[in-house]
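Report on the following structure.
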Amino acid sequence: MRNTTARRRRLGTTLIIVLWALIVAALVAMHVWDPAVAAWLVWPGFGWYALMIHLTLLLLLAEPVRAVIAWRRRSAPVDPQRRLVLARGIAIAAGIAASGVTAYGVATAFSAPAVERVTVRLRRLPPAASGFRIAVISDVHLGVMLGRAHTQRIVDVVNAENPDLIAIVGDLVDGTVQQLGPEAEPLRGLRSKHGTYFVTGNHEYISGVEAWVQELSRLGIRTLRNERVWLPGFDLAGINDVTGEETGDAADFAKALGGRNPDRPVVLLAHQPVHVHEAATHGVDLQLSGHTHGGQFIPVNFFTRLEQPMLAGLRNFGGTQLFVTRGAGFWGPPVRVGSSPEIGVVELIAI
(Lines give C-alpha, C1' and ligand atoms only; values in the text may rest on other atoms or scores of the structure.)
Protein backbone atom coordinates (compact mmCIF):
# COMPACT_ATOMS: atom_id res chain seq x y z
CA MET A 1 0.00 0.00 0.00
CA ARG A 2 2.96 2.32 0.49
CA ASN A 3 3.71 2.82 -3.21
CA THR A 4 0.27 3.95 -4.25
CA THR A 5 -2.02 6.95 -3.82
CA ALA A 6 -3.01 8.33 -0.43
CA ARG A 7 -6.67 7.49 -1.06
CA ARG A 8 -5.87 3.87 -1.89
CA ARG A 9 -3.67 3.61 1.17
CA ARG A 10 -6.54 4.76 3.38
CA LEU A 11 -8.98 2.36 1.73
CA GLY A 12 -6.52 -0.54 1.95
CA THR A 13 -5.70 0.14 5.59
CA THR A 14 -9.40 0.37 6.48
CA LEU A 15 -10.08 -2.91 4.70
CA ILE A 16 -7.29 -4.69 6.59
CA ILE A 17 -8.62 -3.42 9.93
CA VAL A 18 -12.15 -4.55 9.09
CA LEU A 19 -10.95 -8.00 8.01
CA TRP A 20 -8.95 -8.48 11.21
CA ALA A 21 -11.99 -7.40 13.24
CA LEU A 22 -14.03 -10.02 11.38
CA ILE A 23 -11.72 -12.77 12.64
CA VAL A 24 -12.38 -11.76 16.25
CA ALA A 25 -16.11 -11.41 15.54
CA ALA A 26 -16.20 -14.87 13.96
CA LEU A 27 -14.56 -16.48 17.01
CA VAL A 28 -17.19 -14.94 19.27
CA ALA A 29 -20.22 -15.40 17.01
CA MET A 30 -19.68 -19.12 16.35
CA HIS A 31 -20.30 -19.97 20.01
CA VAL A 32 -22.80 -17.27 20.98
CA TRP A 33 -25.20 -16.49 18.15
CA ASP A 34 -27.67 -18.52 16.18
CA PRO A 35 -25.75 -20.27 13.36
CA ALA A 36 -27.85 -18.60 10.64
CA VAL A 37 -26.89 -15.18 11.98
CA ALA A 38 -23.31 -16.06 12.89
CA ALA A 39 -22.65 -17.28 9.34
CA TRP A 40 -22.54 -13.67 8.13
CA LEU A 41 -19.42 -13.13 10.24
CA VAL A 42 -17.90 -16.60 10.38
CA TRP A 43 -17.57 -17.21 6.65
CA PRO A 44 -15.77 -13.96 5.72
CA GLY A 45 -13.84 -13.86 9.01
CA PHE A 46 -12.40 -17.34 8.80
CA GLY A 47 -12.06 -17.17 5.03
CA TRP A 48 -9.82 -14.14 5.38
CA TYR A 49 -7.97 -15.82 8.26
CA ALA A 50 -6.95 -18.74 6.03
CA LEU A 51 -6.06 -16.56 3.04
CA MET A 52 -4.06 -14.17 5.23
CA ILE A 53 -1.99 -16.96 6.74
CA HIS A 54 -1.14 -18.50 3.37
CA LEU A 55 -0.40 -15.10 1.85
CA THR A 56 1.90 -14.17 4.73
CA LEU A 57 3.82 -17.44 4.49
CA LEU A 58 4.29 -17.12 0.74
CA LEU A 59 5.42 -13.50 0.99
CA LEU A 60 7.96 -14.50 3.64
CA LEU A 61 9.26 -17.20 1.32
CA ALA A 62 9.50 -14.63 -1.48
CA GLU A 63 11.64 -12.21 0.53
CA PRO A 64 14.89 -14.16 -0.01
CA VAL A 65 14.21 -13.95 -3.78
CA ARG A 66 13.99 -10.20 -3.57
CA ALA A 67 17.14 -10.09 -1.43
CA VAL A 68 19.12 -12.16 -3.95
CA ILE A 69 18.01 -9.98 -6.86
CA ALA A 70 18.92 -6.84 -4.91
CA TRP A 71 22.36 -8.30 -4.04
CA ARG A 72 23.09 -9.18 -7.67
CA ARG A 73 22.24 -5.61 -8.73
CA ARG A 74 24.06 -3.90 -5.85
CA SER A 75 26.64 -2.36 -8.18
CA ALA A 76 24.07 -1.02 -10.66
CA PRO A 77 22.18 2.25 -10.20
CA VAL A 78 18.91 1.78 -8.29
CA ASP A 79 15.88 1.99 -10.56
CA PRO A 80 12.85 2.65 -8.30
CA GLN A 81 10.42 1.75 -11.06
CA ARG A 82 12.00 -1.64 -11.69
CA ARG A 83 12.09 -2.34 -7.96
CA LEU A 84 8.41 -1.44 -7.71
CA VAL A 85 7.52 -3.71 -10.63
CA LEU A 86 9.45 -6.56 -9.02
CA ALA A 87 7.76 -6.04 -5.67
CA ARG A 88 4.31 -5.92 -7.19
CA GLY A 89 5.02 -8.94 -9.38
CA ILE A 90 6.05 -11.00 -6.37
CA ALA A 91 2.99 -9.80 -4.43
CA ILE A 92 0.63 -10.71 -7.27
CA ALA A 93 2.22 -14.14 -7.69
CA ALA A 94 1.99 -14.76 -3.94
CA GLY A 95 -1.64 -13.64 -3.96
CA ILE A 96 -2.54 -16.03 -6.77
CA ALA A 97 -0.69 -18.92 -5.10
CA ALA A 98 -2.26 -18.19 -1.70
CA SER A 99 -5.72 -18.11 -3.26
CA GLY A 100 -5.07 -21.45 -4.97
CA VAL A 101 -3.80 -23.13 -1.80
CA THR A 102 -6.73 -21.77 0.19
CA ALA A 103 -9.25 -22.93 -2.41
CA TYR A 104 -7.68 -26.41 -2.39
CA GLY A 105 -7.81 -26.44 1.42
CA VAL A 106 -11.49 -25.47 1.44
CA ALA A 107 -12.37 -28.21 -1.06
CA THR A 108 -10.46 -30.76 1.05
CA ALA A 109 -12.05 -29.62 4.31
CA PHE A 110 -15.58 -30.09 2.94
CA SER A 111 -14.83 -33.40 1.23
CA ALA A 112 -16.22 -36.70 2.49
CA PRO A 113 -14.05 -38.26 5.20
CA ALA A 114 -11.92 -41.16 4.02
CA VAL A 115 -11.69 -44.39 6.00
CA GLU A 116 -8.30 -44.97 7.62
CA ARG A 117 -7.98 -48.68 8.47
CA VAL A 118 -5.46 -49.64 11.13
CA THR A 119 -4.56 -53.00 12.63
CA VAL A 120 -3.56 -53.07 16.30
CA ARG A 121 -2.11 -56.18 17.88
CA LEU A 122 -2.97 -56.56 21.56
CA ARG A 123 -1.46 -58.95 24.04
CA ARG A 124 -3.97 -60.61 26.36
CA LEU A 125 -6.75 -60.19 23.78
CA PRO A 126 -8.47 -63.59 23.57
CA PRO A 127 -8.55 -65.22 20.14
CA ALA A 128 -12.35 -65.08 20.16
CA ALA A 129 -12.18 -61.27 20.19
CA SER A 130 -9.58 -61.08 17.43
CA GLY A 131 -10.94 -59.07 14.49
CA PHE A 132 -13.04 -56.76 16.68
CA ARG A 133 -13.45 -53.48 14.74
CA ILE A 134 -13.88 -50.02 16.28
CA ALA A 135 -14.95 -47.04 14.19
CA VAL A 136 -13.28 -43.90 15.59
CA ILE A 137 -14.99 -40.55 14.99
CA SER A 138 -13.51 -37.31 16.24
CA ASP A 139 -13.61 -33.54 15.76
CA VAL A 140 -16.86 -33.40 13.82
CA HIS A 141 -17.29 -29.76 14.92
CA LEU A 142 -20.94 -29.32 14.08
CA GLY A 143 -21.65 -25.60 13.95
CA VAL A 144 -22.05 -22.69 11.60
CA MET A 145 -20.26 -24.25 8.63
CA LEU A 146 -20.86 -27.95 9.23
CA GLY A 147 -24.43 -29.06 9.78
CA ARG A 148 -26.91 -31.90 9.44
CA ALA A 149 -25.73 -33.03 6.00
CA HIS A 150 -22.20 -33.36 7.40
CA THR A 151 -23.52 -35.50 10.26
CA GLN A 152 -25.51 -37.73 7.93
CA ARG A 153 -22.52 -38.25 5.65
CA ILE A 154 -20.43 -39.41 8.62
CA VAL A 155 -23.19 -41.78 9.73
CA ASP A 156 -23.40 -43.26 6.25
CA VAL A 157 -19.63 -43.79 6.03
CA VAL A 158 -19.47 -45.45 9.46
CA ASN A 159 -22.48 -47.71 8.93
CA ALA A 160 -21.07 -48.89 5.59
CA GLU A 161 -18.07 -50.24 7.52
CA ASN A 162 -20.33 -52.36 9.76
CA PRO A 163 -18.14 -51.91 12.87
CA ASP A 164 -18.49 -53.84 16.11
CA LEU A 165 -18.35 -50.64 18.15
CA ILE A 166 -18.35 -46.88 17.49
CA ALA A 167 -16.24 -44.45 19.52
CA ILE A 168 -16.74 -40.68 19.29
CA VAL A 169 -13.68 -39.16 20.95
CA GLY A 170 -14.74 -35.56 21.53
CA ASP A 171 -15.22 -32.17 19.88
CA LEU A 172 -18.52 -33.14 18.36
CA VAL A 173 -20.05 -29.65 18.51
CA ASP A 174 -19.39 -25.91 18.48
CA GLY A 175 -22.63 -24.63 19.94
CA THR A 176 -25.44 -25.43 22.32
CA VAL A 177 -28.04 -28.18 22.10
CA GLN A 178 -30.65 -25.52 21.42
CA GLN A 179 -28.64 -24.29 18.43
CA LEU A 180 -27.37 -27.60 17.06
CA GLY A 181 -29.71 -30.32 18.30
CA PRO A 182 -31.27 -30.86 14.84
CA GLU A 183 -27.80 -30.96 13.26
CA ALA A 184 -26.79 -33.84 15.56
CA GLU A 185 -30.04 -35.78 15.15
CA PRO A 186 -28.72 -38.14 12.41
CA LEU A 187 -26.34 -39.65 15.00
CA ARG A 188 -29.34 -41.64 16.14
CA GLY A 189 -28.82 -43.72 13.00
CA LEU A 190 -25.35 -45.01 13.93
CA ARG A 191 -25.34 -48.81 13.93
CA SER A 192 -22.90 -51.29 15.48
CA LYS A 193 -23.05 -54.56 17.38
CA HIS A 194 -21.96 -53.13 20.73
CA GLY A 195 -23.23 -49.57 20.52
CA THR A 196 -21.79 -46.06 20.38
CA TYR A 197 -19.69 -44.43 23.12
CA PHE A 198 -18.60 -40.83 23.58
CA VAL A 199 -16.02 -38.93 25.62
CA THR A 200 -15.88 -35.18 26.05
CA GLY A 201 -13.53 -32.91 24.13
CA ASN A 202 -12.47 -29.40 24.96
CA HIS A 203 -15.18 -27.88 22.77
CA GLU A 204 -17.97 -29.62 24.69
CA TYR A 205 -16.97 -27.60 27.75
CA ILE A 206 -17.69 -24.34 25.93
CA SER A 207 -20.87 -25.66 24.32
CA GLY A 208 -22.78 -26.87 27.40
CA VAL A 209 -21.35 -30.25 28.32
CA GLU A 210 -24.17 -31.43 30.63
CA ALA A 211 -26.88 -30.63 28.10
CA TRP A 212 -24.95 -32.43 25.35
CA VAL A 213 -24.41 -35.53 27.49
CA GLN A 214 -28.17 -35.68 28.00
CA GLU A 215 -28.87 -35.08 24.33
CA LEU A 216 -26.48 -37.80 23.22
CA SER A 217 -28.11 -40.20 25.65
CA ARG A 218 -31.43 -39.41 23.99
CA LEU A 219 -29.82 -40.30 20.66
CA GLY A 220 -28.67 -43.67 22.00
CA ILE A 221 -25.04 -42.73 22.66
CA ARG A 222 -23.46 -43.45 26.04
CA THR A 223 -20.92 -41.01 27.46
CA LEU A 224 -18.05 -42.52 29.45
CA ARG A 225 -17.12 -40.01 32.15
CA ASN A 226 -14.12 -41.49 33.95
CA GLU A 227 -15.65 -44.95 33.78
CA ARG A 228 -15.38 -48.22 31.90
CA VAL A 229 -17.57 -50.96 30.53
CA TRP A 230 -17.06 -54.67 29.97
CA LEU A 231 -16.95 -55.85 26.37
CA PRO A 232 -16.23 -59.30 24.97
CA GLY A 233 -12.45 -59.73 25.20
CA PHE A 234 -11.48 -56.33 26.67
CA ASP A 235 -12.50 -53.38 28.83
CA LEU A 236 -13.48 -50.07 27.26
CA ALA A 237 -12.71 -47.01 29.37
CA GLY A 238 -13.26 -43.30 28.81
CA ILE A 239 -11.92 -40.20 30.55
CA ASN A 240 -12.98 -36.56 30.52
CA ASP A 241 -11.01 -34.02 28.56
CA VAL A 242 -8.21 -31.97 30.10
CA THR A 243 -10.43 -28.88 29.88
CA GLY A 244 -12.77 -30.42 32.45
CA GLU A 245 -10.30 -29.47 35.17
CA GLU A 246 -11.52 -25.87 34.89
CA THR A 247 -15.07 -26.88 35.88
CA GLY A 248 -14.33 -29.64 38.41
CA ASP A 249 -14.86 -32.36 35.80
CA ALA A 250 -11.25 -33.44 35.34
CA ALA A 251 -9.95 -36.68 33.88
CA ASP A 252 -9.64 -39.35 36.58
CA PHE A 253 -7.56 -42.37 35.55
CA ALA A 254 -7.89 -44.05 38.93
CA LYS A 255 -11.67 -43.93 38.74
CA ALA A 256 -11.79 -45.10 35.13
CA LEU A 257 -9.23 -47.87 35.44
CA GLY A 258 -9.04 -48.80 39.10
CA GLY A 259 -9.95 -52.32 40.21
CA ARG A 260 -10.01 -53.85 36.77
CA ASN A 261 -8.93 -57.38 35.94
CA PRO A 262 -5.23 -57.15 34.91
CA ASP A 263 -5.63 -60.19 32.67
CA ARG A 264 -7.97 -58.28 30.35
CA PRO A 265 -6.67 -55.66 27.90
CA VAL A 266 -8.10 -52.16 28.14
CA VAL A 267 -8.89 -49.70 25.36
CA LEU A 268 -9.06 -46.07 26.50
CA LEU A 269 -11.03 -43.28 24.83
CA ALA A 270 -9.38 -39.90 25.49
CA HIS A 271 -9.88 -36.81 23.38
CA GLN A 272 -6.34 -35.45 23.57
CA PRO A 273 -3.30 -37.60 22.68
CA VAL A 274 -1.29 -35.99 25.50
CA HIS A 275 -3.08 -38.32 27.95
CA VAL A 276 -1.04 -41.24 26.61
CA HIS A 277 1.84 -40.66 29.03
CA GLU A 278 -0.39 -41.16 32.07
CA ALA A 279 -2.26 -43.95 30.28
CA ALA A 280 1.05 -45.83 29.96
CA THR A 281 1.59 -45.66 33.73
CA HIS A 282 -1.83 -47.31 34.21
CA GLY A 283 -1.12 -50.18 31.83
CA VAL A 284 -3.50 -49.10 29.07
CA ASP A 285 -3.07 -51.27 26.00
CA LEU A 286 -4.54 -48.90 23.40
CA GLN A 287 -5.63 -45.25 23.51
CA LEU A 288 -7.91 -43.79 20.84
CA SER A 289 -7.75 -40.01 20.44
CA GLY A 290 -8.37 -37.06 18.13
CA HIS A 291 -8.08 -33.31 18.84
CA THR A 292 -5.15 -32.56 16.50
CA HIS A 293 -7.00 -32.58 13.14
CA GLY A 294 -3.73 -34.01 11.83
CA GLY A 295 -2.40 -30.45 12.01
CA GLN A 296 -5.17 -29.15 9.67
CA PHE A 297 -2.85 -26.72 7.85
CA ILE A 298 0.49 -24.92 8.06
CA PRO A 299 1.60 -23.40 10.44
CA VAL A 300 -1.06 -24.66 12.88
CA ASN A 301 0.46 -28.14 12.65
CA PHE A 302 3.75 -26.92 14.14
CA PHE A 303 2.05 -25.38 17.18
CA THR A 304 -0.14 -28.45 17.71
CA ARG A 305 2.92 -30.68 17.59
CA LEU A 306 4.48 -28.69 20.44
CA GLU A 307 1.69 -29.65 22.86
CA GLN A 308 0.76 -33.13 21.61
CA PRO A 309 2.97 -36.22 21.25
CA MET A 310 1.82 -36.85 17.67
CA LEU A 311 -0.56 -35.51 15.04
CA ALA A 312 -2.00 -38.65 13.45
CA GLY A 313 -1.44 -42.36 13.00
CA LEU A 314 -0.34 -45.17 15.31
CA ARG A 315 2.66 -45.20 17.67
CA ASN A 316 3.79 -46.92 20.84
CA PHE A 317 4.44 -44.93 24.02
CA GLY A 318 5.88 -46.91 26.91
CA GLY A 319 3.89 -50.02 26.06
CA THR A 320 0.66 -48.14 25.30
CA GLN A 321 -0.30 -47.95 21.65
CA LEU A 322 -1.83 -44.62 20.60
CA PHE A 323 -4.02 -44.14 17.56
CA VAL A 324 -4.83 -40.53 16.64
CA THR A 325 -7.40 -39.84 13.95
CA ARG A 326 -7.24 -36.67 11.85
CA GLY A 327 -10.94 -36.12 12.53
CA ALA A 328 -13.97 -35.73 10.31
CA GLY A 329 -14.43 -31.96 10.44
CA PHE A 330 -12.43 -28.79 11.05
CA TRP A 331 -12.32 -25.83 13.38
CA GLY A 332 -11.82 -22.17 12.56
CA PRO A 333 -10.73 -21.59 8.96
CA PRO A 334 -12.59 -24.02 6.67
CA VAL A 335 -9.28 -25.30 5.33
CA ARG A 336 -7.32 -28.56 5.39
CA VAL A 337 -3.97 -28.72 3.64
CA GLY A 338 -1.95 -31.93 3.98
CA SER A 339 -4.52 -33.37 6.39
CA SER A 340 -7.70 -34.63 4.78
CA PRO A 341 -10.72 -35.58 6.95
CA GLU A 342 -10.99 -39.18 8.01
CA ILE A 343 -12.81 -41.76 10.09
CA GLY A 344 -10.61 -44.42 11.66
CA VAL A 345 -11.44 -48.11 11.71
CA VAL A 346 -9.24 -49.93 14.21
CA GLU A 347 -9.13 -53.71 14.05
CA LEU A 348 -7.93 -55.51 17.17
CA ILE A 349 -5.84 -58.63 16.60
CA ALA A 350 -4.84 -61.14 19.28
CA ILE A 351 -1.15 -62.01 19.65
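Axis of helix 35-72 versus longest Cα principal axis of the chain: the two differ by about 60°, to the nearest ten degrees. On the basis of the beta-carbon distance and an R0 of 25 Å, THR247 and SER217 show a calculated FRET efficiency of 0.80. Taking only protein heavy atoms and a 1.4 Å probe, the accessible area of the stretch 192-351 is 53% carbon and sulfur.
Applying 0.36 nm per residue to the separation of TRP20 and ARG7 and subtracting their alpha-carbon distance, the gain on full extension is 2.7 nm. Axis of helix 209-218 versus longest Cα principal axis of the chain: the two differ by about 60°, to the nearest ten degrees. The calculated pair-distance distribution of the stretch 169-212 uses every alpha carbon pair, bins of 10 angstrom beginning at 0, and gives 27, 54, 19, 0 percent. Across the stretch 134-291, C-alpha contacts under 8 Å between residues 6 or more apart give a mean separation that, scaled by the residue count, equals a relative contact order of 21 percent. Each stretch of four or more DSSP H residues adds -39500 (n - 2.57); spread over every residue of the chain, this sum gives -14000 deg cm²/dmol at 222 nm.
Leaving out ligands, DNA and RNA, and with a 1.4 Å probe, what % of the accessible surface on the stretch 19-143 is carbon or sulfur? The partial results should precede the final answer.
Values: 4930 of 7070 Å².
Ligands and nucleic acids excluded, carbon and sulfur reach 70 percent.
Under 15 Å from the 7 Å Cα→Cβ point of ALA112, by amide nitrogen: which residues of the stretch 118-151? From the stretch 118-151, the list is 149-151. What you get for the chain, charging only the Cβ of Lys and Arg (+1) and of Asp and Glu (-1), is a dipole of about 1900 debye around the Cα centre.
For the stretch 9-165, the alpha-carbon radius of gyration amounts to 1.61 times the rule-of-thumb value 2.2 N^0.38 Å expected for a compact globular protein. Accessible surface computed residue by residue for the stretch 177-294, with neighbouring protein chains in place and a 1.4 Å probe, gives 38 Å² per residue.
For the stretch 34-162, the solvent-accessible area works out to 55 Å² per residue, with a probe of 1.4 Å and every protein chain left in place.
The values are calculated or read from the model by the stated rules, or taken from the named source; none is laboratory data. Given the structure is predicted, the values throughout are model-derived calculations rather than measurements. Glycine gets a Cβ as well: all are built from the backbone with ideal geometry, and neighbour counts include every protein chain shown. Keep in mind that these areas ignore ligands, DNA and RNA; they rest on the heavy atoms of the full protein, side chains included. Shrake-Rupley method; radii C 1.70, N 1.55, O 1.52, S 1.80 Å.
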